[in-house]
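A quick write-up on the structure given underneath.
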Amino acid sequence: MNQAVALLHAARRRRARVYVMGNGGSASTASHMACDLAKGIGRSRHERLRAVALADNTALLTAWVNDNSRAQGFSGQLDTLLEPQDIVIAVSVSGTSENVLAGLDTARELGAATIGLLGSDGGRALHQVDVALHVPSWDYGVVETVHLGLVHAMANALRGHPLTAPRTVAAEAVDLAMEPPP
């Protein structure tokens with residue numbers, strides 16, 4: 001968590017962009033994260049991050065998918081927009097989605113840092129990201145809920161609320177999510 005926040009702090013200082021991608025429920029988390037980073041973490045433009053969720057531009061996303069391939073839905077956008085100082089964040093429960101993996105490949109090819117909010121066993125994405133926030137559960141609902149908690153914990157840290165050491169808010173959220181219901 002601290003590594004992910006440090007990457008985002010550094011991106012904010014250099015006015016780099018953050019691109020967030022995911023499918024289905026993870027697309028919703030990606031959209032929520034982009035909103036929190038672009039608006040929720042600060043009052044001035046220098047406190048906020050220049051963040052975009054790649055699934056939010058339906059016309060561009062579907063143009064890439066229709067004219068090229070499903071796999072290029074995110075990677076095609078990144079190929080056009082991404083600069084080496086930017087960050088790409090992949091949100092994926094399985095870590096195996098073809099379009100997310102292709103987006104991570106493009107990020108690596110173009111020299112951008114990558115962060116993964118991953119679930120299950122992390123899939124191939126676990127080994128393709130620079131920093132992995134991994135929720136080791138196969139329950140989609142649990143993973144998606146914890147991912148949103150991680151998004152909020154990162155936003156809090158970026159607003160200047162320090163993460164507690166050695167256990168973070170996110171680690172506590174994972175522990176709570178993994179407990180069996182009463």
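Overview of results
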read-out: Pick from segment 26-45, criterion over 23 Å from Ser94 (Cβ atoms) and in a helix (DSSP H, G or I), ranking: most open to solvent (accessible area, probe 1.4 Å); value: Lys39
read-out: Residue, farthest from Met154 (Cα to Cα), within segment 1-23, restricted to residues that are open to solvent by less than 60 Å² (accessible area, probe 1.4 Å) and assigned to a loop (DSSP other than H, G, I, E, B); value: Asn23
read-out: Complete set of residues in segment 93-137 that are open to solvent by less than 40 Å² (accessible area, probe 1.4 Å) and either in a strand (DSSP E or B) or in contact with a Lys or Arg (Cβ under 8 Å, 6 or more places away or on another chain) (or both); value: Gly95, Asn99, Leu101, Ala113, Thr114, Ile115, Gly116, Leu117, Leu118, Gln128, Val131, Leu133
read-out: Residue that is farthest from Leu37 (Cα to Cα) [pool: residues in segment 50-71 that are of a type in the set (Gly, Ala, Ser) and not in a strand (DSSP E or B)]; value: Ser69
read-out: Residue match in segment 143-152 (condition: at pLDDT 95 or above, among the polar types (S, T, N, Q), part of a helix (DSSP H, G or I) and touching a Phe, Trp or Tyr at 6+ places or on another chain (Cβ under 7 Å)); value: no
read-out: Selected residue (criterion: farthest from Leu133 (Cα to Cα)) from residues of segment 58-92 that are touching a strand residue (DSSP E or B) at 6+ places or on another chain (Cβ under 8 Å) and open to solvent by 10 Å² or more (accessible area, probe 1.4 Å); value: Leu81
read-out: Residue within segment 37-59 that is among the aliphatic types (A, V, I, L, M) and touching a Ser or Thr at 6+ places or on another chain (Cβ under 6 Å) present; value: yes
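The values are calculated or read from the model by the stated rules, or taken from the named source; none is laboratory data. All values reported here derive from a predicted model rather than from experimental measurement. Heads up, the Cβs are rebuilt from the backbone with ideal geometry, glycines too, and the neighbour counts pull from every protein chain shown. Side chains included, ligands, DNA and RNA excluded: accessible areas come from the protein's heavy atoms. Shrake-Rupley method; radii C 1.70, N 1.55, O 1.52, S 1.80 Å.
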